Amino acid sequence: MTERALLVIDVQNDFLPGGALPVPEGDAVIPVANALRPHFDLVVATQDFHPPGHQSFASQHPGRSPGDVITLHGLPQVLWPDHCVQGTAGAAFAAGLTLGDAPVFPKGMDPEIDSYSGFFDNGRRHDTGLASFLRERGVTEVVCVGLATDYCVKATASDALSAGFRVTVVEDGVRPVDLRAGDGTRALAELRDAGARLMRSASLLGPQA
Ligand code: VGL
Ligand code: ZN
């Protein structure tokens, strides 16, 4: 039985330098994900996959700018540049990323609600099926790499903990947006306090891994 799965979170062109919502050094997670992949029997990718006109886009809120925070259906919502729109190159996985036949769990398709986590949308209204998919395959631990530490990695790892998985976040395999300086560092500290293990990829690639 597969016990550990690698979760490759939102490693998409729009989150890379030069993309619509660039994560500083976002491309640095690609070689880490590629190096870890052969060490796992099961690899799963999440994909931010918004329809045009998604309500998380600042462009849908006249007078607002990316980075502003509004209330959307009762939830705080950071407004973003248009990004990861279905069918665009920006939504595609990074060219250098090797995913093989990894199943893909798309999220963020409901135009009215954002979805940082690969498990649930931000209002926990819609379950992507990822938790049951992993459980059915005997997964007890998820190892997280991808983008961005302070949004989708944080939400996905946190929901994985809530769902009862052991969670490892690969420190050198994630990068933050850091809208506010220190957001990424704080996100990792919060995940650690919630029970996640933080590890460097080198220790997962070692002979004991
Ligand atoms: C993400 C902001 C908006 C992410 C997705 O993948 O971390 N961040 N949509
Ligand atoms: Zn998004």
How many residues, within region 151-163, are within 16 Å of ligand 2 (Cβ to nearest atom) and either aromatic (Phe, Trp, Tyr) or over 11 Å from Ser117 (Cα atoms) (or both)?
1
Condition (residue is within 14 Å of ligand 1 (Cβ to nearest atom) and among the β-branched types (Val, Ile, Thr)) applied to region 71-82: is it met by at least one residue?
yes
Top-ranked residue of region 164-180 - restricted to ones that are touching a strand residue (DSSP E or B) at 6+ places or on another chain (Cβ under 9 Å) and either free of Cβ contacts under 8 Å to residues at least 40 places away in the same chain or more than 21 Å from Ile30 (Cβ to Cβ) (or both), ranked as farthest from ligand 2 (Cβ to nearest atom)
Arg166
Please indicate, with yes or no, whether at least one residue in region 22-40 is outside any helix (DSSP H, G or I), closer than 18 Å to Thr140 by Cα and away from ligand 2 (no atom under 16 Å from the Cβ).
yes
Members of region 122-164 that are assigned to a helix (DSSP H, G or I) and either surrounded by fewer than 24 Cβ atoms within 10 Å (Cβ to Cβ) or among the acidic types (Asp, Glu) (or both):
Ala131, Ser132, Phe133, Leu134, Arg135, Glu136, Asp150, Ala155, Ser158, Asp159, Leu161, Ser162
Across region 187-206, what is the total count of residues that are free of Cβ contacts under 8 Å to residues at least 40 places away in the same chain, in a helix (DSSP H, G or I), over 18 Å from Asp159 (Cβ atoms) and not aliphatic (A, V, I, L, M)?
1
All positions within region 73-93 that are within 13 Å of ligand 2 (Cβ to nearest atom) and either polar (S, T, N, Q) or not in a loop (DSSP other than H, G, I, E, B) (or both):
Gln77, Val78, Trp80, Val85, Gln86, Thr88, Gly90, Ala91
Arg180: within 16 Å of ligand 1 (Cβ to nearest atom), surrounded by fewer than 21 Cβ atoms within 10 Å (Cβ to Cβ) and more than 17 Å from the chain's Cα centre (by Cα), yes or no?
yes
How about region 100-112: which of its residues are crowded, with 19+ Cβ neighbours inside 10 Å, more than 12 Å from ligand 1 (Cβ to nearest atom) and either over 16 Å from Ala160 (Cβ atoms) or of a type in the set (Gly, Ala, Ser) (or both)?
Ala102
Quick one: Cys84 ticks every box in (1) surrounded by fewer than 15 Cβ atoms within 10 Å (Cβ to Cβ); (2) within 14 Å of the chain's Cα centre (by Cα) bar one, so which box is it?
(1)
Starting from residues that are within 16 Å of ligand 1 (Cβ to nearest atom) and β-branched (Val, Ile, Thr), keep the ones in region 115-168 and report whichever is modelled with the lowest pLDDT.
Thr128
Suppose the filter is assigned to a strand (DSSP E or B), within 16 Å of ligand 1 (Cβ to nearest atom) and either touching a Ser or Thr at 6+ places or on another chain (Cβ under 8 Å) or not hydrophobic (A, V, I, L, M, F, W, C) (or both); does Val44 pass it?
no
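The values are calculated or read from the model by the stated rules, or taken from the named source; none is laboratory data. Because the structure is predicted, anything quoted here is derived from the model rather than measured. Heads up, the Cβs are rebuilt from the backbone with ideal geometry, glycines too, and the neighbour counts pull from every protein chain shown.
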